[in-house]
1. Picking from Ala68, Ala77, Ala107, which residue would you name as being without any contact (Cβ under 8 Å) to a residue 60 or more places away in the chain and within 19 Å of Phe39 (Cα to Cα)?
2. Looking only at segment 259-284, which residues are within 16 Å of ligand 2 (Cβ to nearest atom) and assigned to a helix (DSSP H, G or I)?
3. Only residues that are touching a helix residue (DSSP H, G or I) at 6+ places or on another chain (Cβ under 8 Å), surrounded by fewer than 18 Cβ atoms within 10 Å (Cβ to Cβ) and over 30 Å from Gly301 (Cα atoms): list them for segment 127-174, please.
4. Restricting attention to segment 197-224, report how many residues are more than 23 Å from Gly337 (Cβ to Cβ), of a type in the set (Gly, Ala, Ser) and in a helix (DSSP H, G or I).
5. Say whether the condition of being more than 20 Å from the chain's Cα centre (by Cα), within 16 Å of ligand 2 (Cβ to nearest atom) and either surrounded by 24 or more Cβ atoms within 10 Å (Cβ to Cβ) or not in a strand (DSSP E or B) (or both) is met by at least one residue in segment 285-308.
6. Inside segment 499-516, can you point out the residues that are over 21 Å from Val402 (Cβ atoms) and either polar (S, T, N, Q) or touching a Lys or Arg at 6+ places or on another chain (Cβ under 6 Å) (or both)?
7. Count, please, the residues in segment 114-134 that happen to be of a type in the set (A, V, I, L, M) and touching a Pro at 6+ places or on another chain (Cβ under 7 Å).
8. Considering (1) part of a helix (DSSP H, G or I); (2) within 16 Å of Trp284 (Cβ to Cβ); (3) free of Cβ contacts under 8 Å to residues at least 60 places away in the same chain; (4) within 27 Å of the chain's Cα centre (by Cα), say which one Val227 fails and leave the rest.
Amino acid sequence: MATGKSTVGALVAQAAGRPFIDLDRAIESETGSSIENLFAIRGEAAFRALERACLERTLSEAQRAARAPVIAVGGGALMARDLRLRALDECVVVTLEGTPAELTRRALRQGTRPLLSGPNPEQRVSELLALRAPNYAEAQARISCEAALETVVAQVREVWSRDELAVAAAEASYAVQTGLGFASGRVGALVAQSPVCVLVSDKTVSALHAAPIEAALHACGARLLRVDLEPGEAHKNIASVEGIWHAALEGGADRQATFVALGGGVVSDMTGFAAASWMRGVRWVSIPTTLLSMVDASVGGKTGVDLATAKNAVGAFWQPSGVLCDVHYLNTEPARGFISGLAEVVKTALIGDPELFTLLENNVERVAARDGDLTAELVRRSVRVKARIVSFDQRESGLRAVLNLGHTVGHALEAQAGYSALSHGEAVSLGLVAALRLGETLGHTPRDLSERTLSLLRRLGLPTNLAAQPLAEASALLGHDKKRAGSSVKFVFARGLGQVETQSIALSELRTRVLTLAE
Ligand SMILES: NC(=O)c1ccc[n+]([C@@H]2O[C@H](COP(=O)([O-])OP(=O)(O)OC[C@H]3O[C@@H](n4cnc5c(N)ncnc54)[C@H](O)[C@@H]3O)[C@@H](O)[C@H]2O)c1
Ligand SMILES: [Zn+2]
């Protein structure tokens, strides 16, 4: 309210040569009545229903438009979470914010405001802002409206040009940026205001890629603490995290410190966990350097370490403040790791992005050559699907289960192979084959979908042959799956491209059926 959204929106649209839609004006012209009247006569609930219908229509039209418009929406319009998540998925959402005193001053100057008619408008604004803060935080960016108008417009345009994906997690929301060769130019802005930065990497990645990030962090004036962990899953344990804590302690990292993870999923899981637990939680920024960590570990806020043989047994949900997926790093990723990461991309395409699937099918050679623009698009699309799912289900209460496609049998095969003979992605590839074949047998999965996926996995260099002996041993391990509920398992089946469904299946039946899948 009174943040100047209509003025800012119109100027942004003008500068970008795009159409401008002011939702309030659209509602007024549609109903032939002013917002104040609609509020007064029909009441807030009826107004919100009108507003919702109008915004839904506007979003649908924007999707089809040749030149997407700039849309100014009132503070109440995005209060419904489903609508807000839709806007976040389809648009770049910028929240304009201001202090209660300034917003009240502006609102009163502009005349009557239906929500401010009580005796103490500033207190009312304060209350409303506090109530809505978790919702307003779910945006690609939050910008103060109190700067000069040109500055606000420039800042909005800057956010728009970055084209980030937002992961909605109330006040812990953050944006994932994807591109080629941009991370060292962006990291400074994400750690601004931190007197101390703890840069965590592993020795392999550090030797290849730490210098430009280190220089960028130095340039923003923060005191820089460095931790280079031993590389690999074998070191994903509490002793390594203790190493990070000690560096933080010795370097005087306080609550204002930011931890920065530069590395694969092992580094980011541990850095995130160290940040979650240091001083009961400090900010952290993730700069993933493997395909798997970009498409999977970068979204969802899961952090942690292994305990003896129990993978990820100790951990916490702790969202990063920002993620920079710079596909430039992937040029040095060993081939096996990169190809393994592609299994998760195929999985993600099956779950929620048919275009991603055909993009892979039509460009296998360019994918293998790690073409920068194409890889960035694969990462972006994968992150988008995961962000969409995770935003609806931050704590894994149900919907997130679809991300487990291919993982029920995949995890069992990975464990059967002692977590060494098969990489996670290779196991997921075989797990996808198992899930598709099982889906065929049970009438959930069309045969041509299985064939297409198998062919794609094979062309990408992933394993697809389910051999009898490992499968037999893995079937005995199926009960160890975390997603087990009593004597049955929630199994994810593929129904079509971008269409999955979860079905409960008895563990005993699953084991028997898995045995029949061997070739
Ligand atoms: N938090 C999550 O949601 C989530 C999701 C998926 C996986 N994970 C975790 O991620 C881990 C696996 O991730 P990973 O495959 O990235 O493992 P990793 O971090 O061990 O990296 C694999 C290897 O590649 C090296 N490496 C990384 N980036 C490189 C680069 N750009 N150039 C050259 N070498 C490079 C590393 O030093 C390491 O030896 C697992 O521990 C898994 O549990 C977490
Ligand atoms: Zn996985």
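1. Unique residue meeting the criteria: Ala77.
2. Listed by number, the residues that qualify are Gly265, Val266, Ser268, Asp269.
3. Scanning segment 127-174 gives Glu146, Ala147, Leu149.
4. In the first step, residues of segment 197-224 are kept if they are more than 23 Å from Gly337 (Cβ to Cβ); the result is 197-198, 214-224.
From the residues that got through so far, the ones that are of a type in the set (Gly, Ala, Ser) too are 215-216, 219, 221-222.
Next, from what is left, pick out any that are in a helix (DSSP H, G or I): 215-216, 219.
Summing the residues that are more than 23 Å from Gly337 (Cβ to Cβ), of a type in the set (Gly, Ala, Ser) and in a helix (DSSP H, G or I) in segment 197-224 gives 3.
5. Step one: of segment 285-308, the residues more than 20 Å from the chain's Cα centre (by Cα) are 305-308.
Retained after the next criterion (residues that are within 16 Å of ligand 2 (Cβ to nearest atom)): 306.
Subsequent filtering for residues that are either surrounded by 24 or more Cβ atoms within 10 Å (Cβ to Cβ) or not in a strand (DSSP E or B) (or both) retains none.
Checking segment 285-308: not a single residue is more than 20 Å from the chain's Cα centre (by Cα), within 16 Å of ligand 2 (Cβ to nearest atom) and either surrounded by 24 or more Cβ atoms within 10 Å (Cβ to Cβ) or not in a strand (DSSP E or B) (or both).
6. Within segment 499-516, Ser508, Thr512, Thr516 meet the criteria.
7. Total meeting the criteria: 2.
8. The single condition Val227 does not satisfy is (1).
The values are calculated or read from the model by the stated rules, or taken from the named source; none is laboratory data. Just so we're clear, the structure is a prediction, and the values are computed from it rather than from any experiment. As a convention, Cβ positions derive from the backbone with ideal geometry for all residues, glycine included, and neighbour counts pool all protein chains shown. Only protein heavy atoms, including side chains, enter the accessible area calculation; ligands, DNA and RNA are left aside. Shrake-Rupley method; radii C 1.70, N 1.55, O 1.52, S 1.80 Å.
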